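Please treat every number below as a calculation from the coordinates, not as lab data. It should be emphasised that the depicted structure is a prediction, and the values quoted were computed from it without experimental measurement. Cβ coordinates were reconstructed from backbone atoms using ideal geometry, including for glycine residues, and neighbour counts include every protein chain displayed.
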Amino acid sequence: MFTMLDDYREQFGISEGSLGLVIAIGFFTSFFAQITIAPMADRGRSRQLIFIGLSLAIVGNFAMAFSDSLPELLGSRFISGVGLGCALPAMRRVIIVSEPENLGRNLGRVLSCEVGGFAAGVCCRARWVGLRLGPCFRRFSWHHSGFRPRSW
């Protein structure tokens with residue numbers, strides 16, 4: 001998302017303030033979901049929250065690939081934020097309960113995967129742009145499947 005901000009601004013004419021709103025809505029909906037929905041994980045609903053949360057995050061991120069206007073970006077980021085706000089605390093709950101003697105190590109691994117995924121996304125995007133693989137990848141993967149994201 002963060003590496004695409006200039007693309008959204010240039011290709012779709014979305015202002016910097018509006019892009020800030022897109023980023024903020026993901027953070028605030030995730031925060032709201034962690035406060036209101038995620039406590040259900042402590043009441044035995046971890047599995048359902050992980051499934052529903054990851055499903056929402058996937059749908060929201062997939063919808064973001066097809067978004068080309070501010071309302072579509074806001075909606076998809078909202079869905080993704082709610083999903084991650086549900087799933088991540090539930091996953092931590094499962095890790096804490098499943099192996100309490102290795103709590104620190106296991107939570108550290110989860111955090112390193114989160115940070116590593118965030119950093120890897122930026123590196124992959126930069127690499128694709130540097131090698132000009134982005135258009136080839138998009139052309140092959142979307143045109144051959146019959147779908148074409150509007151944001152590409």
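Numbers at a glance
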quantity	calculated
Approximate spin-label separation ALA65-ASN102, in nm, with each point projected 7 Å along Cα-to-Cβ	3.3 nm
Qualifying chymotrypsin sites (Phe, Trp or Tyr not before Pro) in segment 4-110, DSSP loop, other Cβ atoms within 10 Å at most 15	PHE66
Residue-count net charge about ILE37 - beta-carbon cut-off 15 Å; Lys, Arg +1, Asp, Glu -1	+4
ALA120-ILE58 FRET efficiency (beta carbon distance; Förster radius 22 Å; 0.05 resolution)	0.80
Inter-part distance where segment 23-47 and segment 8-22 are each reduced to a Cα centre, Å	27 Å
